[in-house]
Amino acid sequence: MNFYQQQHQFYCGIDLHANNMYLCLIDGDGNKRLHRNFKTRDADDLRQTIEPFREDLVVGCEATFNWYWLADLCQDLNISFVLGHALYLKAIHGGKVKNDKLDSEKLAYLLRGGNFATGYAYPKDWRSTRDLLRRRTHLVRRRGETLTHLQILNHQSNLPAFEKRLQYKSNRVGVADRFQDVSTSTSAAVDVELLGDYDDLIRRLELYLEQHAKLDDSRSFHLLQTIPGVGRVIAMTLLYEIHDIRRFPSVGKFLSYCRLVRGQHTSNGKSYGSPGKKIGNPHLKWAFSEIVPLIKRQSPEIKKYCERIEKKHSRARAHSTLAVKLGRAVYFMLKRKDAFDMNQFIR
């Protein structure tokens, strides 16, 4: 957990919503200088209102789906912007009464007191490309659901299993004709047509994303692909979800962000479990989980290393250990701008 602890003359907390936002602005002594509601779409009104305090002002808001425009506005006005971590800002959710006005006030005082838990405000230059990459993941999952529905239709009709894998377009010819029921055949034809559209969309997206990755940071993009089993998609996921490895002061912070280490709650020598499993980046967790079987398939040395751990513990423990080692390797690769070193990895 990181806290924003820089000192300013003015502190502004904003409870941001799609239509309205409540703003509370206080000075360094804790006196309220401004506390009112704004229309979210009226950015000019907000700009004019905070203009007298702009010289030494910090703006903080909780991470919601629509914080992008506010961060960009603060950047244009040369105002410090802090994004609050939604899972850590428990103080604004406590209390007998909770509303937008009180929430904005709590955010402002958390900023002033150095207790504002921060998230990462992803920079504008790469943000839209990262979101497009996440959109590709959504399309791939929808494509997988469509393939599963074809299998369900086949089982419901008690027909023999498909002879070829339907992931490939050439193997889908005549799939709908195997169903005697007209409605079932029509449903299968719809799935086949959807799969063709998904294939074309995903292919175009991957080409576009690869071109942008080479423009944004070609060196890191190619370094990540030196890891055995890592292709374009996983390399792009690592590149855009990490963005700048220097934002992690230590490898431990990076592993925690990737959801590769377990949390721990203790009190008076007693353990209360390992919560916080959803704190971190799920896309990086997915990427490192995907690399583990791929790197075992591509590298005999790593496969033997993993088998030694399986004999002592279990397969799940071996895979989690290997994922942590991969996280450490990626951290130092990006920090030192070095390619993957197999000897260094398995020693």
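The values are calculated or read from the model by the stated rules, or taken from the named source; none is laboratory data. Small disclaimer: the values here were computed from a predicted structure and weren't measured. Cβ sites come from the backbone with ideal geometry, for glycine too, and all protein chains shown count toward neighbours. Calculation scope for accessible area: heavy atoms of the full protein, side chains included, ligands and nucleic acids excluded. Shrake-Rupley method; radii C 1.70, N 1.55, O 1.52, S 1.80 Å.
Numbers for the structure displayed
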| read-out | value |
| --- | --- |
| Residue count for segment 98-127, restricted to those that are charged (D, E, K, R) and closer than 24 Å to ASP244 by Cα | 3 |
| Residue match in segment 137-148 (condition: open to solvent by 30 Å² or more (accessible area, probe 1.4 Å), under 21 Å from LEU205 (Cβ atoms), touching a residue at least 60 places away in the same chain (Cβ under 8 Å) and touching a helix residue (DSSP H, G or I) at 6+ places or on another chain (Cβ under 9 Å)) | yes |
| Residue in segment 119-135 that is closer than 13 Å to ILE14 by Cβ, touching a helix residue (DSSP H, G or I) at 6+ places or on another chain (Cβ under 8 Å) and in contact (Cβ under 8 Å) with a residue 12 or more places away in the chain present | no |
| Condition met for ARG134 (basic (Lys, Arg) and at pLDDT 90 or above) | yes |
| Subset of segment 56-79 (residues that are among the aliphatic types (A, V, I, L, M), touching a helix residue (DSSP H, G or I) at 6+ places or on another chain (Cβ under 8 Å), over 14 Å from SER104 (Cα atoms) and touching a residue at least 40 places away in the same chain (Cβ under 8 Å)) | LEU57, ALA71 |
| Selection from segment 277-308 of residues that are closer than 27 Å to HIS138 by Cβ, in a helix (DSSP H, G or I), open to solvent by less than 100 Å² (accessible area, probe 1.4 Å) and not β-branched (Val, Ile, Thr) | PRO282, HIS283, LEU284, LYS285, TRP286, ALA287, PHE288, SER289, GLU290, PRO293, LEU294 |
| Flag if LEU260 is open to solvent by less than 60 Å² (accessible area, probe 1.4 Å) and in a helix (DSSP H, G or I) | no |
| Failed criterion for SER80 (all others in (1) closer than 28 Å to PHE254 by Cβ; (2) modelled with pLDDT under 90; (3) open to solvent by 40 Å² or more (accessible area, probe 1.4 Å) hold) | (2) |
| Residue list for segment 21-69, filter: open to solvent by less than 30 Å² (accessible area, probe 1.4 Å) and small (Gly, Ala, Ser) | GLY30, ALA43, GLY60 |
| Residues being over 27 Å from the mean Cα position of the chain (by Cα) and more than 15 Å from LEU107 (Cα to Cα) - total across segment 8-36 | 2 |
| Test: residue in segment 279-302 that is among the small types (Gly, Ala, Ser) and under 18 Å from TYR88 (Cβ atoms) | yes |
| Any pair with Cβ under 9 angstrom, 6 or more apart, that starts in segment 323-347 at a residue that is on the phi > 0 side of the Ramachandran plot and ends at one that is of a type in the set (A, V, I, L, M) | LYS337/LEU223 |
| Residue in segment 125-138 that is within 30 Å of VAL59 (Cα to Cα) and of a type in the set (Gly, Ala, Ser) present | yes |
| Of residues in segment 91-128 being at pLDDT 90 or above and of a type in the set (S, T, N, Q), the one surrounded by the most Cβ atoms within 10 Å (Cβ to Cβ) | SER104 |
| Looking only at segment 154-190, and only at residues there that are over 16 Å from ARG143 (Cβ atoms) and among the aliphatic types (A, V, I, L, M), the one that is surrounded by the most Cβ atoms within 10 Å (Cβ to Cβ) | ALA176 |
| Per-region count, segment 207-236, residues in contact (Cβ under 8 Å) with a residue 24 or more places away in the chain, in a helix (DSSP H, G or I) and crowded, with 16+ Cβ neighbours inside 10 Å | 10 |
| Odd one out for LYS311, checked against (1) more than 25 Å from the chain's Cα centre (by Cα); (2) open to solvent by 60 Å² or more (accessible area, probe 1.4 Å); (3) under 21 Å from PRO228 (Cβ atoms) | (3) |
